[in-house]
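Please read the structure below before turning to the comments.
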């Protein structure tokens, strides 16, 4: 972090006026015989470089407290449970944690808060994804998620084990839970990361879209630990399970308070709906489709492939598809084996939600459409002529 230092002993009326004229942002004022830098300052350093020598100086300031990064070791993944299963985003994050740990040679940890039955049910499955240690907080009161009780477990884990990084699923639960932990430790949390990297000094490189997806922001938490990030489901690939090699570490829970202002009254299973995140084949439609009749060829193609039809944001805004079918940062993240995009230009918000797909085929009349930059195969032309021919070819292969 940079700041300007002023040597007021050298300031005169003439020097002050010269510096005021040099600043392109109107950030320098002269009041009561003192030079003042106001909130308009961009710390660009023009005044220090082009103004009178020795009056203004731009210096680097250490931001926040310094920490001993060597005291913080390990990349941890919070294991999120659904009612009957571990959420698959946890296993995707374990795979990414192993990749990050290969840079720093740190161990990979998993944190599970549960009751005794859940421990027996999940421990071997979690270890099969390659964690070195599974830290478990077991109590019958931990059967169902409780933000206050679970937070005390995570706080205890961080204070005792000192992991350098903790990853959470970018789910409704993860988004509500992770900020509570970050605030407790006065550390950074980056939400909905689309890429993660690791420096050799253990700084986590967190990348996410910003300013409506027009900028990919790179965020680094240099002077706080642990570093924290949430990542959406289907952003990273889930590793193949292997023979478990890690160990289970039972953490002491007797000293952790079970008091909570939250009371669980009832559990109502969510109605089963179409989840495009789980589809193996998707036909994604974009702005080129103007009405219900236009969409018929997309449904015919999806039927021929045994897939479902999803969409980009404009079709939801135009009322042609429900929001649950939207792909992108403001919709769902998908990673099907095959996705065919029809009439989609490829805005970064959409691409961020599907570029982990196994095979991407795109059809667009614009040869310069950004979607072709991430596609494995691209077809330039009128989709209303191309798609019917494609359906005929597929049906012939199927003997229809």
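Taking the criterion of being more than 19 Å from residue 109 (Cα to Cα), in a loop (DSSP other than H, G, I, E, B) and either modelled with pLDDT of 95 or more or out of contact with any helix residue (DSSP H, G or I) (no Cβ under 6 Å at 6 or more places or on another chain) (or both), the residues of the stretch 202-244 that qualify are 211, 212, 214, 220, 221, 222, 223, 224, 232, 235. Residues considered: 78, 144, 109. Of these, the only one that is touching a residue at least 40 places away in the same chain (Cβ under 8 Å) and farther than 17 Å from residue 228 by Cα is 144. Checking 125, 159 one by one, the residue that is over 15 Å from residue 97 (Cβ atoms) and free of Cβ contacts under 8 Å to residues at least 12 places away in the same chain is 159 and no other.
Number of residues in the stretch 283-298 that are touching a helix residue (DSSP H, G or I) at 6+ places or on another chain (Cβ under 6 Å) and crowded, with 20+ Cβ neighbours inside 10 Å: the value is 4.
State the number of residues belonging to the stretch 299-314 that are within 17 Å of residue 279 (Cβ to Cβ), buried (at least 20 other Cβ atoms within 10 Å of the Cβ) and either within 30 Å of the chain's Cα centre (by Cα) or free of Cβ contacts under 8 Å to residues at least 60 places away in the same chain (or both). Matching residues across the stretch 299-314 total 7. For the stretch 29-56, residues that are in a strand (DSSP E or B), farther than 30 Å from residue 222 by Cβ and touching a helix residue (DSSP H, G or I) at 6+ places or on another chain (Cβ under 8 Å) total 4.
If you go through the stretch 106-131 and pick out every residue that is more than 23 Å from the chain's Cα centre (by Cα) and either surrounded by fewer than 18 Cβ atoms within 10 Å (Cβ to Cβ) or at positive phi (or both), you end up with 7. Against the conditions (1) assigned to a helix (DSSP H, G or I); (2) modelled with pLDDT under 95; (3) crowded, with 17+ Cβ neighbours inside 10 Å, residue 176 satisfies every one except (3).
Look at the stretch 182-203: where a residue is not assigned by TED's automatic domain parsing to the domain that holds residue 153, no partner that is assigned to a loop (DSSP other than H, G, I, E, B) and buried (at least 20 other Cβ atoms within 10 Å of the Cβ) sits 6+ places away or on another chain with Cβ atoms under 6 Å. Can you tell me which residues in the stretch 219-273 are closer than 30 Å to residue 339 by Cβ and over 23 Å from the mean Cα position of the chain (by Cα)? Correct list: 241, 242, 269, 270, 271, 272, 273. Evaluate the following for residue 345: is it touching a strand residue (DSSP E or B) at 6+ places or on another chain (Cβ under 6 Å) and modelled with pLDDT under 95? In short, no. Mind checking which residues of the stretch 93-149 are closer than 23 Å to residue 207 by Cα and part of a helix (DSSP H, G or I)? Answer for the stretch 93-149, where residues must be closer than 23 Å to residue 207 by Cα and part of a helix (DSSP H, G or I): 93, 94, 95, 96, 97, 98, 99, 100, 101, 102, 103, 104. The residue of the stretch 382-399 that is surrounded by the fewest Cβ atoms within 10 Å (Cβ to Cβ), among those that are touching a residue at least 40 places away in the same chain (Cβ under 8 Å) and out of contact with any strand residue (DSSP E or B) (no Cβ under 9 Å at 6 or more places or on another chain), is 398. Elements of the type strands (runs of 3 or more DSSP E) sitting completely within the stretch 313-393 and holding at least 2 residues that are closer than 21 Å to residue 295 by Cβ: these cover 338-342, 359-364. Annotation for the stretch 38-54: no member residue is surrounded by fewer than 16 Cβ atoms within 10 Å (Cβ to Cβ), modelled with pLDDT under 90 and within 30 Å of residue 103 (Cβ to Cβ). Just one residue in the set 360, 379 is in contact with a strand residue (DSSP E or B) (Cβ under 6 Å, 6 or more places away or on another chain), over 16 Å from residue 282 (Cα atoms) and surrounded by 13 or more Cβ atoms within 10 Å (Cβ to Cβ); that residue is 379.
The values are calculated or read from the model by the stated rules, or taken from the named source; none is laboratory data. On a predicted model such as this, the values are computed, not experimentally measured, just so you know. Virtual Cβ from ideal backbone geometry, glycine too; neighbours counted across all protein chains shown.
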